[in-house]
Amino acid sequence: MLEKVKLLKQRFSELCVLGLHTGSSASFAADRDHVIDLIMKEYITFPILLSNKNFTEMENGACYIMFRDSENPLVQHEKDLDIGTLYAVVEEMQVLQKQNRGDGNSSMAYLKSTWTKLADAVKEPYIVSPIQNLLLYFPGCISADISGSRLFFSDTNHHRIIISDGNGSILDCIGSSPGFEDGDFECAKLLHPGASFYDDTEDCLYFVDSENHAVRRADLERRVLETLYPSSSATVENESLWTKISSKLGFGIAAVEAKSEEFDPQSLLFPWHLLKSEEEDHCLIINRSFETLWVMDLTTGEIKYVIKGFQKIRDTCGNLITDKLSLLKEMPTFNGHVFDCDTTAQKVVKMNRETRACSMFQLVNYRILGLPYWCSFPLERVYSLSPTHELWTDHLQHFNQLPGRTDVDIKVDIPIDTELVEPLHEGCIWRQARGAATEVSGTNAELESSEKLVLPRSDTENFEDDKVRIHCAVNTSPDLSEVIIYAPLYLRLRKDANVDEEDNQDKHAARIADILKWGSQGLTTRDSCIQLLSRSGKDLRDLVFVKPLHVRIRIECPNHPKAPDNTKDIILTNSTVDVHVSL
């Protein structure tokens, strides 16, 4: 039922979707925790209302309630209602709305296929947004290249696939942000990737892109991602150079032609499981609920046939599914260990085959991941001093400086009860200079004359265990300037050997919640997220999370001072500002 509701929301962009969950007052807290789990697992982006009131028409279970206004709602009690019937109901409402408005324009945009997506259709769940800052956010699936000793983790709600070796060193990452785009691994976009398998003959990774209703193929040698299904004639190569640049800078406006189209029952909808048939060059694609099976030709990307119903799927390929999903046979094994994704604890675990001892699989070399997409905002086109402009800022400081070069030295104190997992790397830092300033980076050369500025250094380093130091420099002119810096700090709680941890899981969970600012979303959400972390049953001091760093430095410069012996010459100064940030 959730898949159908999400599909309606995707296909009809202005359709308002609201989930309603009813229960008794006694189970309200349990219902809330269940809903949060459901939001993460099913990637639900529409609001869900919790109510302890009794709705008589819903006593028999789930149903659809659809209406144009508050009068005469249409209730469909069959939760297994065909998606085509739901489309027809919404389209009928469209027609009635056009007639009532007296014009030919529909207020609902219809997406003509699963390939096209509106820019504003890519949204993320808000209620559990702080969990984004865990290193892994619902690690859904794992596959392996046994001969090459590589593991492929679907970091599902981070919209990326992490590639590591058997020791946990991150080798590469596929995907940069939520969306639907092919290209180099750094620029490619995914949306809720699921299962995958590695093809040794092609050195390619095949995986399902669930919310994009697609099957993608990653060429690991060329580091290029392409879409196997659905095919599209409107490829990235057909775009103009300016369109590509504007899109990358966040200035592009999605121009999607909205055309009505009959629902195609053959379409791939929310795929999750992916198996390769050993008899033919085919793959089996199954949705999460095991209600639909698609058989696809891996060579052409064509769907050969579709099977509906769990029993028919079992009768058709039950032996293959049983063989592939055999717990100890299918799980990737390296050096005598079995690897699996723990979606409750938001981490990857490994088990020793002989001793059956389980431990957390520690990932390292986070610099490969770069700056996470959720740690930064699109390039800002307007300078504003309004307090509402600061959506999230760790530090804001003002300086008055003479025009010229300004070296900025930022010292960051991490929370006292945390420790850096690894140093902050230069490639993970994002800088933007706005107003009357330009960012400069490069060598340590000095100014050659009053007319030319040579680029100074821009690097980072760790000093001590609880501080981070960031260097950058800008050229300033008379007027107001601003320097914006984003960086991810990978932290974990510091261990104290004198503390008994069995009674401190809730305390650790609460501390992580405070560091990640769950309190700003209300006590109810904070308590639920603490409960989510606590029930993992593992030592939360081993949990790695990202503390996003956001620093804004505003510099106001007067006019250039004049040289005393020549009124035409101006003086450029070199200055340094020290910024101290405590998280």
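For region 39-52, which residues satisfy the criterion of being among the hydrophobic types (A, V, I, L, M, F, W, C) and in contact with a helix residue (DSSP H, G or I) (Cβ under 8 Å, 6 or more places away or on another chain)? Spell out the reasoning first.
First pass over region 39-52, keeping only residues among the hydrophobic types (A, V, I, L, M, F, W, C): 39-40, 44, 46, 48-50.
If the condition is that a residue be among the hydrophobic types (A, V, I, L, M, F, W, C) and in contact with a helix residue (DSSP H, G or I) (Cβ under 8 Å, 6 or more places away or on another chain), then MET40, ILE44, PHE46, ILE48, LEU50 are the ones that fit.
Residues to consider are LYS329, LYS350; find the one that is at pLDDT below 85 and either in a helix (DSSP H, G or I) or in the same structural domain as CYS204 (by TED's automatic domain parsing) (or both). Outline the logic, then answer.
Working: LYS350 fails: at pLDDT below 85.
Only one candidate passes the filter, namely LYS329.
Please determine, by comparing only the residues of region 208-229 that are under 17 Å from the mean Cα position of the chain (by Cα) and part of a strand (DSSP E or B), which one is surrounded by the fewest Cβ atoms within 10 Å (Cβ to Cβ).
Result: ASP209.
I'd like the full set of residues that are touching a His at 6+ places or on another chain (Cβ under 7 Å) and free of Cβ contacts under 8 Å to residues at least 60 places away in the same chain, limited to region 170-187. Even if it seems obvious, please write down each step before you answer.
Filtering region 170-187 for residues touching a His at 6+ places or on another chain (Cβ under 7 Å) gives 175, 177-178.
The one that is touching a His at 6+ places or on another chain (Cβ under 7 Å) and free of Cβ contacts under 8 Å to residues at least 60 places away in the same chain: GLY175.
If I ask for residues that are closer than 15 Å to ARG554 by Cβ and assigned to a strand (DSSP E or B), which ones from region 401-436 would you list?
Hits for region 401-436 are THR406, VAL408, ILE410, ARG431, GLN432, ALA433, ARG434, GLY435, ALA436.
With the structure loaded, tell me whether ARG469 is among the charged types (D, E, K, R) and at pLDDT below 80 or whether it fails that test. Steps first, answer last, please.
On the way: among the charged types (D, E, K, R): yes; at pLDDT below 80: no.
Answer is no for this residue.
When region 493-546 is examined, which residues are found to be modelled with pLDDT under 70, within 25 Å of VAL348 (Cβ to Cβ) and of a type in the set (Asp, Glu)?
Once the filter is applied, which keeps residues that are modelled with pLDDT under 70, within 25 Å of VAL348 (Cβ to Cβ) and of a type in the set (Asp, Glu), region 493-546 yields GLU501, GLU502.
Considering each of ILE44, ILE39 in turn, give the residue that is part of a loop (DSSP other than H, G, I, E, B) and modelled with pLDDT of 75 or more. Before you say what the answer is, go through the steps one by one.
Working: ILE39 fails: part of a loop (DSSP other than H, G, I, E, B).
Being part of a loop (DSSP other than H, G, I, E, B) and modelled with pLDDT of 75 or more holds for just one of ILE44, ILE39, which is ILE44.
Outside any helix (DSSP H, G or I) and at pLDDT 50 or above: which single residue out of GLU446, GLU439 fits that description? Show your work before the answer.
On the way: GLU446 fails: at pLDDT 50 or above.
Within the list GLU446, GLU439, the selection yields GLU439.
The values are calculated or read from the model by the stated rules, or taken from the named source; none is laboratory data. In this text, all values refer to a predicted model and were calculated from it rather than measured experimentally. Counting neighbours? That spans all protein chains shown, and the Cβs are built from the backbone with ideal geometry, glycine included.
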